[in-house]
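So the structure is just underneath, and the comments pick up after that.
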Amino acid sequence: MAKIRLYIPPQEIKESIILDKRGPLHKLKNVLRLKESQKVHIFDGAGREWEYKVDRINQKNITITKINKTQKQPTTKPMLTLGFPLIQEKKIDFILQKSTELGVFGFIPFFSSRTTKTGDKGLLRNAIIDSKIKRWKKIITEACRQSERLWIPEIGQPVALNQLIKNDFNLKLVALPDKNSRIKTINKNCENILCIVGPEGGFSEKEVNDFQKHNCRAIKLSENILRSETAAIFLSGLIKYLSKQTQYESKC
């Protein structure tokens with residue numbers, strides 16, 4: 001039987017936990033058909049996971065008791081942050097889900113000169129962004145549960161692109177289809193890496209010049225033009241793969 005895994009915030013981790021929220025309760029009872037004495041794995045999103053045993057099941061809740069800690073994991077290096085444009089919602093969902101599975105440490109949505117009006121500054125002028133971030137966090141958490149990650153990535157408030165690239169990272173990479181730069185290795189001293197992918201309209205000339213001013217390194221991912229969500233997943237997977245190699249460059 002597949003491993004049953006649930007997320008519970010660190011402050012709610014106890015020796016005995018009562019699961020009474022409608023969503024998890026329905027899934028455990030009616031979908032997974034959980035039985036008494038069965039094992040459940042609880043992770044806190046901050047690097048730890050425990051094994052619990054089901055003590056009681058009734059109509060309103062399920063009581064579980066901690067058996068032992070099964071996993072503990074420090075944050076892995078490098079910590080990869082993905083900067084993605086505010087584009088169509090379903091594409092953002094895809095970026096968040098798949099990049100979380102690939103091990104991205106954090107997300108920063110941005111608006112630029114070629115992001116859509118419904119997805120940039122207009123979004124920031126009202127409370128809609130709060131509900132969207134709440135929804136995005138649910139997608140990220142579920143991706144962690146499914147992929148058996150122990151750490152839940154952070155997602156920041158949307159920012160302007162020119163503010164994003166001013167942030168301090170050991171290495172800043174920007175996917176640009178018209179540049180001919182490649183990357184083969186990642187310096188082992190690069191603990192924080194920022195990867196940026198653009199909207200389908202690409203970046204303006206001014207934005208490309210700003211990348212150079214703020215030490216952002218251009219990288220060409222393909223001979224073909226990639227959609228934003230394709231580029232995001234490709235770049236995330238590439239950098240995570242290269243960071244695991246034993247051969248490193250001398251400088252970031």
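Can you tell me which residue is surrounded by the most Cβ atoms within 10 Å (Cβ to Cβ) among those in the stretch 1-32 that are within 24 Å of Asn68 (Cβ to Cβ) and of a type in the set (Val, Ile, Thr)?
Once the filter is applied, the top-ranked residue is Ile17.
For residues that are part of a helix (DSSP H, G or I) and basic (Lys, Arg), scanning just the stretch 184-220, find the one that is nearest to Lys91 (Cα to Cα).
Per the criteria, the residue is Lys206.
Which of the residues that make up the stretch 166-183 are in a strand (DSSP E or B) and under 21 Å from Glu200 (Cβ atoms)?
Listed by number, the residues that qualify are Leu173, Val174, Ala175.
Ser37 fails exactly one of the following numbered conditions: (1) more than 24 Å from the chain's Cα centre (by Cα); (2) within 11 Å of Thr65 (Cα to Cα); (3) surrounded by 15 or more Cβ atoms within 10 Å (Cβ to Cβ). What is the number of that condition?
(3)
Hey, among Ser112, Ser99, which residue is in contact (Cβ under 8 Å) with a residue 12 or more places away in the chain, more than 15 Å from the chain's Cα centre (by Cα), within 24 Å of Lys132 (Cα to Cα) and in the same structural domain as Val208 (by TED's automatic domain parsing)?
Ser112
Output yes when any residue across the stretch 68-83 is surrounded by fewer than 17 Cβ atoms within 10 Å (Cβ to Cβ), among the hydroxyl-bearing types (Ser, Thr, Tyr) and not in a strand (DSSP E or B), and no when none is.
Within the stretch 68-83, one or more residues are surrounded by fewer than 17 Cβ atoms within 10 Å (Cβ to Cβ), among the hydroxyl-bearing types (Ser, Thr, Tyr) and not in a strand (DSSP E or B).
Could you say which residue among Leu171, Leu242, Leu176, Leu235 is more than 20 Å from the chain's Cα centre (by Cα) and either closer than 30 Å to Lys137 by Cα or free of Cβ contacts under 8 Å to residues at least 24 places away in the same chain (or both)?
Leu176 is the lone residue from the list that is more than 20 Å from the chain's Cα centre (by Cα) and either closer than 30 Å to Lys137 by Cα or free of Cβ contacts under 8 Å to residues at least 24 places away in the same chain (or both).
Per-residue answers, yes or no, for (1) in contact with a Gly (Cβ under 7 Å, 6 or more places away or on another chain); (2) surrounded by 17 or more Cβ atoms within 10 Å (Cβ to Cβ); (3) of a type in the set (Ser, Thr, Tyr):
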position	(1), (2), (3)
Arg149	no, yes, no
Pro153	yes, yes, no
Gln157	no, no, no
Ile165	no, yes, no
Lys184	no, no, no
Cys190	no, yes, no
Ile193	no, yes, no
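Among the listed residues Thr185, Thr230, Thr141, which satisfies the condition of being without any contact (Cβ under 8 Å) to a residue 60 or more places away in the chain and either of a type outside the set (D, E, K, R) or outside the structural domain of Arg114 (by TED's automatic domain parsing) (or both)?
Every option except Thr230 fails the conditions.
The values are calculated or read from the model by the stated rules, or taken from the named source; none is laboratory data. In this text the structure is predicted, and so the values were computed from the model without any measurement. Neighbour counts are summed over all protein chains in view; Cβ atoms, including those assigned to glycine, are modelled from backbone coordinates with ideal geometry.
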